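The values are calculated or read from the model by the stated rules, or taken from the named source; none is laboratory data. Because the structure is predicted, anything quoted here is derived from the model rather than measured. Glycine gets a Cβ as well: all are built from the backbone with ideal geometry, and neighbour counts include every protein chain shown. What goes into the accessible areas is simple: the full protein's heavy atoms, side chains included, and nothing from ligands, DNA or RNA. Shrake-Rupley method; radii C 1.70, N 1.55, O 1.52, S 1.80 Å.
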Amino acid sequence: MTEIPGVIAAGQKWKSVWTGTGNNADGIIATNDGGILAAQNTNSDVMKIDKNGKVSFPYKDTNTGGALSMNKKGALFVVERGLPTSVWQLAPKRQLLANMYNGEPLECIGGVINDLTADSKGGVYFTMGGLFYANPKGVVTRYGENLATNGVILSPDEKTLYVTTRGLVAFDVQPDGSLTNQRQFAMVGADGTTVDAAGRLYTTAGGDVQVIAPDGKVLGAIPTPINFITVAFSGPDKKTLYGVANNQRFDEIFTIQMISQGYKGRAK
């Protein structure tokens, strides 16, 4: 492991903390106690792994829930991939946010609802072959052009939205949640992405986690033992990076110690 100054020390190694079967680890976020929540697509559960590695299942019956996000106010959301395709709030109260687009069910868009990032207004950005925003009333709007989308994440200040497509694309977030100024932000990045307290991005891409400065400069890569699909900070003082390997038959979750610190104002 090569040092990335201010991000990770030389010689750090990934440690395996959980293994499973099926498509049962994705869309991870931190918990307040230094553990993580993970969406279990195959089992329709939400799994919690606490900081000591103890596993529990705080939410069930998520209708093939595939990814999680929690906003700055603590509201927890899941994208449900079973029919009807939908975005649900799981906590503090379990309720539907969105399942329609232009008067038709979301599944009519085509493809699989993939990832999400929740804003402090009560809305949710999600990817499903393109980029969408469900506002706090559940009205869904499509944004962006020529996007084969995958992972999606808001910057810590929620003024920029990043989405992985062919590399990372950025948008400016307007006060009403709408998106403007689509631009290529970096040429690296393919799947799940997170941010740290300094606004750096960590994006999964093949056998690496690429680390990108807020100005789009690639700072370096953290090699991974196998291909990861997503990452998130948690652990004591939010200085542990969790990574998920999942080929939809076998799943494994790893951790590595960081110098950089995840953003504490939001779960991810």
query = Among 118, 190, 25, whose mean-square fluctuation peaks in a Gaussian network model of the chain (Cα, cutoff 10 Å)?
reply = 190
remark   = Bounding extents of the stretch 1-69 in its principal axis frame from Cα atoms, largest first in Å, are 43, 24, 21
key: Scattering curve values for the stretch 53-189, log₁₀ I(q)/I(0), Debye with Cα scatterers, q = 0.12, 0.14 Å⁻¹   = -0.44, -0.60
Cα-based equivalent ellipsoid of the stretch 83-158: semi-axis lengths in Å, sorted from largest, via gyration tensor = 18, 17, 11
query = For the chain, what's the radius of gyration and Dmax over Cα atoms, in angstrom?
reply = 16.8, 54
query = Given that compact globular proteins tend to follow 2.2 N^0.38 Å, what is the ratio of the alpha-carbon Rg of the stretch 118-268 to that value?
reply = 1.00
message = Please give the Cα centre distance for the stretch 3-31 versus the stretch 189-268, rounded to the nearest Å.
response = 7
message = Once the convex hull of the alpha carbons of the stretch 184-228 is built, what does its volume come to per residue, in cubic angstrom?
response = 65
task = Summarise the long-distance tail of P(r) for the stretch 208-250 by giving the % of C-alpha pairs beyond 11 Å.
result = 71
remark   = With all protein chains present, the stretch 25-182 has a carbon and sulfur share of its accessible area (1.4 Å probe) in percent of 48
query = Using a ≥ b ≥ c from the Cα gyration tensor of the stretch 21-124 (square roots of the eigenvalues), is it rounded, prolate or oblate, where a/c under 1.5 gives rounded and otherwise the larger of a/b and b/c decides, a/b for prolate?
reply = oblate
Cut-off 13 Å between beta-carbons: net charge of the residues surrounding residue 118, Lys and Arg +1, Asp and Glu -1 = +2
message = Just to confirm a number: summing +1 for Lys and Arg and -1 for Asp and Glu over residues other than residue 212 whose beta-carbon lies under 11 angstrom from that of residue 212, what do you get?
response = 0
message = In Å², and per residue, what accessible area does the stretch 1-157 have when probed at 1.4 Å with the other protein chains present?
response = 43
